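The values are calculated or read from the model by the stated rules, or taken from the named source; none is laboratory data. Computed from a prediction, not measured in an experiment: that's the story for all the values here. Positions of Cβ are backbone-derived with ideal geometry, glycine not excepted, and every protein chain shown enters the neighbour counts. These accessible areas exclude ligands, DNA and RNA; they are computed on the full protein's heavy atoms, side chains included. Shrake-Rupley method; radii C 1.70, N 1.55, O 1.52, S 1.80 Å.
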Amino acid sequence: MSGEATSAVAPSASAGAPSAHLRLDGVVSGYGQIKAIKGISLHVETGEVVALIGANGAGKSTTLRTISGLLRPSAGEISFEGKRIDRVAAHDIVRMGISHAPEGRAIFGRLSVLENLRLGAYQRNARAEIEQDLERVLTLFPRLRERVKQDGGTLSGGEQQMLAIARALMARPRLLLLDEPSMGLSPVLVETIFRTVIEINRAGTTILLVEQNAAMALQVARRGYVLESGAVALEASAAELRASDLVRKTYLGEA
Amino acid sequence: MKIGKRALLLAAMLATLTMVLAACSSGTSSKDKTATAGAGGAKTPAAGATTAATKAATGAAGSITVKKGDKIKIGISTTLTTDNAELGIPIRDAALLAIKTKGTIKGFGIEGDPQDDGCAGPASVTAANKLIADGVVAVIGPMCSGGAVAALDPLSGANMLTVSASATNPSVTAQGKKNFFRTAWNDATQGAEMAKYAYTTLGKKNVVLVNDQSTYGKGLMDVFKASFTAAGGKVASEEAVTVGEKDFGPTVTKIKGESPDLVVFGGFIAEGAVLVRQLKDAGVTASFMGADGIADQKYIDQSGGAAEGSYVSRGPKPTDTKLYDAFAAAYKAEYKKDAGQFTEQATDATNIVLAAIEKVATVDGSGNLVIDRQKLIDAVAATSYAGASGQIDFDAKGDRKVVGAVNEIDQVKSGKLTRIQ
Amino acid sequence: MQEWIQLLIDGITIGGVYAVIALGYTLVYGVLRMINFAHGELFMMGAFTGYYTLNGFEKHSSLNDSVPVLTIAIAIVLGMVVAVTLALVMERIAYRPLRRAPRLAPLISAIGVSILLRNIMLRATNAQGKVYPKVFPRTAVEIGEIRLLYVQIFLIVLSFVFLGLLYLFIQRTKAGVAIRAVAEDRDTASLMGINVDRTIMTTFAVGAALAGAAGVVYGMFVTTATSGMGFIPGIKAFTAAVLGGIGSVPGAMAGGYFLGISEAISTKFFGAQYKDVVAFVLLVAVLIFRPWGLFGKREDKRA
Ligand SMILES: Nc1ncnc2c1ncn2[C@@H]1O[C@H](COP(=O)(O)OP(=O)(O)OP(=O)(O)O)[C@@H](O)[C@H]1O
Ligand SMILES: [Mg+2]
């Protein structure tokens, strides 16, 4: 049985673990005529941190954008918690429990930090819970608490990254898509961000993590995929990937 | 964002251009030239239906041939859109009625070909070119002076007989185009008469002039100013309003500051009605005087009562109104509406053209109607016609000679235009 | 001195109208990077709705005399409803299909809609200007030489109220924040769970409601409605929006008053025939020296 399910909510019918939290099956996607990913299959299990590594232009961000509905796949299927989501609009996917902190942070520069955070919870209605979560993320990132009134655009790069993650968390996602959270940050901040990622995961959020910083990513993740030119080149446990020649040479910068 | 900024600039330039066009012409720009022809007119089956293949051919010798079985086409250039359509549509209707009444010429049917000339230069040129392409025998119009000055270029190039019922500015005939005549009165006549009436009869000495920046309005006020100051009166200031605007607050404030004893307006109904009302609202007590551009019941209706007491010059009028009354009755019977401003000139213009065609047209060997363009123009030049608007004889420039007429002045009394001179 | 104050009041009167209309341009530009050239016609449709409503009351009841507050309120609300409905239809039919087309396409489509609406009304009214019934007394407050019609005070106050409400809406409500978010980054907004299409519709609706209401009140002030009456205020409001910084809400408001007052004062100096020239000289100067507008923010690199 391949991806020929007739209904958008039909259970994903792939061989192997039916319990998969997120599953991509032969997904092809891109920009107009350009096919940036050419048949990607991967899965993320509940509670996992899974790393997606690869060179610039390999298609990592495109994969995340396709999962969160910003791009519509031209072939293949995507399911989340057993439901097809590849035809669902981006704003409805958030509602279903997937939150995406995009590459380059994409903070609303003219909105205050607080407004950015509240937008993260846009599709939720329970006020008390939202306030609670607000308190939680501000505790997670104390730097943001001092700057809630400031415009997002006035934050430093690291602070913006914190805000992007915090904002994604405000959706109370069951799956968090993080696109290069360490990009452009100082080593100390990278350390902090990754510690936070682990914390978030411990608190029960499944994470699909895209990273250039493969060393860091593979420390945090349990499993990983290596993407090359829009296709999965390697899939293995984090430990195996760290040991693999390909990864060591290409992504960990070892001779 | 780069593209966005460029689009913005583009849009801004577009807007600026439109405004400049609006300011240069009489306020109605080319924006309306794609508008539906025939809009607003319910009783005109011919409207817009005459753009089919050109059936009449212009011969090499400057003549036009109407094939056997085809109709003689008469172009009508007037604005059918824009706010001035409230004057333009009745002009068209009067011309169409004259055509319908005439019926046939030498066994050939006649049909009107109305085109929207936007009451402005660019659209009037477009309309003129369309009419030339349509193969019309003659053009009634253009409606407005600004449009006429521009459209006379292509029209005289085609040696097209052109008779306007409403383009009144001196500049139109000052161009010396031999193919052009008008049954409208040259504003030089009316402007001077208005100034004389204001100064001598009303005893006004200090006036503010307001024009709508159209060739007509500005020209009329220029003539008024020259005559009024020559007589010894004072023009405290000259103001302008923009066609299409509805709030003249700052202009009114400025007029109030001048404390004139008379405000004279050169322009049309839409602006005139708003201006007189806002002057009254602002507490300006000076009398108000307008000309044939507002000489219509609509001016009174739209002023919401503020027009009461206004003086309205209607231009030279026949001392004998029998023919006018007959026309007005026929018009009312046809359209169930009163004949408005310029309609009597429009019917006269059309009748003069039709009579001239009848005089010069010949049927050739194969049964086609041949009309020599120059002979047609010469025939009109030689016209002596007693029409609804009075006795019409043209001078060498194509203007009406003032014979058997006096400049009519009305005053709005109890909501009606009432003749006082 | 009194003449100057009167000119200032004249400027504030028309400036408020420009400001309210300008918001529609700026909001729609914000979310779509598109100039809705048919926006002035929504104002015109509002004025006609106001006329038909009040005239209906005048003909079939005595409510205009007994409870003018009610009939005016109904006219304003209906003006808003008509404008909003039209805006939503035009967004759906004329703009949304072109959202991925080159930028010039929706602009031209908008000009088409504008011409269409104008000609529909021209036809519907037989090219006759419509005169409002006397609902508002044409009486005035007079202080020395300064004179303010009651309806003018109403117009000035209502402009302020609309601007205030709009500002609160944009700043304080969830829908307002969503509009700002979509304006800044459509994709990221949808990642927040914002329905971008619906937000764009909301934006059109809000702008149209303002234009429709302004049309009714302006119609009462100038006492007429004509098919061409949206054109000049539309162009002027667009100018005001660009002056203030298109996309900026406070900019549109400030730009409207700035333009209205500049026009009034330049009338004193140069006469009204040059006030459009003054307006566009200002516009060109702003575009050259401060392309992001007097009050707008400089576009950051990312936006
Ligand atoms: N908006 C776009 N239009 C066209 N092509 C695009 C667009 N965005 C990305 N691409 C192309 O798609 C391919 C994959 O890009 P993607 O952003 O997914 O790479 P990535 O793996 O995230 O790279 P990086 O590590 O540099 O972020 C690249 O070849 C890129 O040029
Ligand atoms: Mg990327």
Open item on the list: I'd like the full set of residues that are over 16 Å from A:LEU208 (Cα atoms) and more than 13 Å from ligand 2 (Cβ to nearest atom), limited to segment A:38-60.
Closed with: A:LYS38, A:GLY39
- [ ] Output the residues belonging to segment B:204-220 that are modelled with pLDDT of 95 or more and away from chain C (no Cβ under 14 Å).
- [x] B:LYS204, B:LYS205, B:ASN206, B:VAL207
Open item on the list: Exactly one condition in (1) under 19 Å from B:GLY62 (Cβ atoms); (2) surrounded by fewer than 22 Cβ atoms within 10 Å (Cβ to Cβ) is false for B:VAL139; which is it?
Closed with: (2)
Open item on the list: With modelled with pLDDT of 95 or more and of a type outside the set (Ser, Thr, Tyr) as the only criterion, which of B:GLY103, B:GLY112, B:GLY69 stands out?
Closed with: B:GLY112
- [ ] Report those helices (runs of 4 or more DSSP H) wholly inside segment C:56-126 carrying at least 3 residues which are more than 13 Å from every other protein chain (Cβ to nearest Cβ).
- [x] C:63-66, C:68-90
Open item on the list: If I filter segment C:96-117 for residues that are modelled with pLDDT under 90, closer than 21 Å to C:GLY215 by Cβ and crowded, with 20+ Cβ neighbours inside 10 Å, do I get at least one hit?
Closed with: no
Task: Per-region count, segment A:45-64, residues away from every other protein chain (no Cβ under 14 Å) and either in a loop (DSSP other than H, G, I, E, B) or near ligand 1 (Cβ under 6 Å from one of its atoms) (or both) - done: 11
TODO: Report whether or not A:SER68 is more than 8 Å from ligand 1 (Cβ to nearest atom) and within 14 Å of chain C (Cβ to nearest Cβ).
DONE: yes
- [ ] Could you check, for segment C:269-283, whether at least one of its residues is open to solvent by 30 Å² or more (accessible area, probe 1.4 Å), within 11 Å of another protein chain (Cβ to nearest Cβ), without any contact (Cβ under 8 Å) to a residue 12 or more places away in the chain and not in a helix (DSSP H, G or I)?
- [x] no
Task: segment A:135-154, subset over 25 Å from A:GLY97 (Cβ atoms) and of a type outside the set (D, E, K, R), residue farthest from the other protein chains (Cβ to nearest Cβ) - done: A:PRO142
Task: Filter result (under 23 Å from the mean Cα position of the chain (by Cα) and open to solvent by 40 Å² or more (accessible area, probe 1.4 Å)) within segment B:193-205 - done: B:GLU193
Open item on the list: Considering only residues that are open to solvent by 10 Å² or more (accessible area, probe 1.4 Å), closer than 26 Å to A:ARG202 by Cα and within 16 Å of ligand 2 (Cβ to nearest atom), which ones fall in segment A:61-83?
Closed with: A:SER61, A:ARG65
Task: Selected residue (only one of A:ILE107, A:ILE93 is within 16 Å of C:ASN195 (Cα to Cα), open to solvent by less than 10 Å² (accessible area, probe 1.4 Å), among the hydrophobic types (A, V, I, L, M, F, W, C) and touching a residue at least 12 places away in the same chain (Cβ under 8 Å)) - done: A:ILE93
- [ ] Select from segment A:173-216 the residues that are more than 16 Å from ligand 2 (Cβ to nearest atom), under 21 Å from A:ILE67 (Cα atoms) and open to solvent by 60 Å² or more (accessible area, probe 1.4 Å) and list them in ascending order.
- [x] A:ARG174
Task: Residues within segment B:255-313 that are of a type in the set (Lys, Arg) and in contact with a Ser or Thr (Cβ under 6 Å, 6 or more places away or on another chain), tallied - done: 1
Open item on the list: Regarding segment A:86-99, can at least one residue be identified that is more than 16 Å from the chain's Cα centre (by Cα) and either under 21 Å from A:ILE165 (Cβ atoms) or within 16 Å of ligand 1 (Cβ to nearest atom) (or both)?
Closed with: no
Task: Single unsatisfied condition, A:GLN132 versus (1) away from every other protein chain (no Cβ under 14 Å); (2) open to solvent by less than 10 Å² (accessible area, probe 1.4 Å); (3) more than 16 Å from ligand 2 (Cβ to nearest atom) - done: (2)
Open item on the list: For segment C:52-67, give me each residue that is modelled with pLDDT under 90 and surrounded by fewer than 18 Cβ atoms within 10 Å (Cβ to Cβ).
Closed with: C:SER61, C:SER62, C:LEU63, C:ASP65, C:SER66, C:VAL67
Task: Matching residues, segment B:176-220, being outside any loop (DSSP other than H, G, I, E, B), among the β-branched types (Val, Ile, Thr) and in contact with a strand residue (DSSP E or B) (Cβ under 7 Å, 6 or more places away or on another chain) - done: B:THR189, B:VAL207, B:VAL208, B:VAL210
Open item on the list: Any residue at all in segment C:83-94 that's open to solvent by less than 70 Å² (accessible area, probe 1.4 Å) and within 20 Å of C:LEU155 (Cα to Cα)?
Closed with: yes
Open item on the list: I'm checking my understanding of the structure. Among residues of segment C:128-148 that are open to solvent by less than 30 Å² (accessible area, probe 1.4 Å) and within 22 Å of C:GLU58 (Cβ to Cβ), which one is nearest to the other protein chains (Cβ to nearest Cβ)?
Closed with: C:GLY129
Open item on the list: Being within 12 Å of another protein chain (Cβ to nearest Cβ) and touching a residue at least 24 places away in the same chain (Cβ under 8 Å) narrows it down to one residue among B:VAL235, B:VAL243, B:VAL223; which is it?
Closed with: B:VAL243
TODO: Name the helices (runs of 4 or more DSSP H) wholly inside segment C:170-261 in which the number of residues that are touching a residue at least 60 places away in the same chain (Cβ under 8 Å), more than 14 Å from chain A (Cβ to nearest Cβ) and touching a helix residue (DSSP H, G or I) at 6+ places or on another chain (Cβ under 7 Å) is 2 or more.
DONE: C:196-222, C:231-244
Task: Selected residue (only one of C:TYR29, C:TYR52, C:TYR18 is touching a strand residue (DSSP E or B) at 6+ places or on another chain (Cβ under 9 Å) and not hydrophobic (A, V, I, L, M, F, W, C)) - done: C:TYR52
Open item on the list: When you check C:SER159 against the structure, is it touching an Asp or Glu at 6+ places or on another chain (Cβ under 9 Å) and either over 18 Å from C:TYR29 (Cβ atoms) or of a type outside the set (Phe, Trp, Tyr) (or both), yes or no?
Closed with: no
Task: Options C:PHE204, C:PHE154: the member that is modelled with pLDDT of 90 or more and open to solvent by 20 Å² or more (accessible area, probe 1.4 Å) - done: C:PHE154
Task: Criterion (farther than 23 Å from B:ARG400 by Cα, touching a Ser or Thr at 6+ places or on another chain (Cβ under 8 Å), of a type outside the set (Val, Ile, Thr) and open to solvent by less than 40 Å² (accessible area, probe 1.4 Å)) met by exactly one of B:GLY217, B:GLY244, B:GLY146 - done: B:GLY244
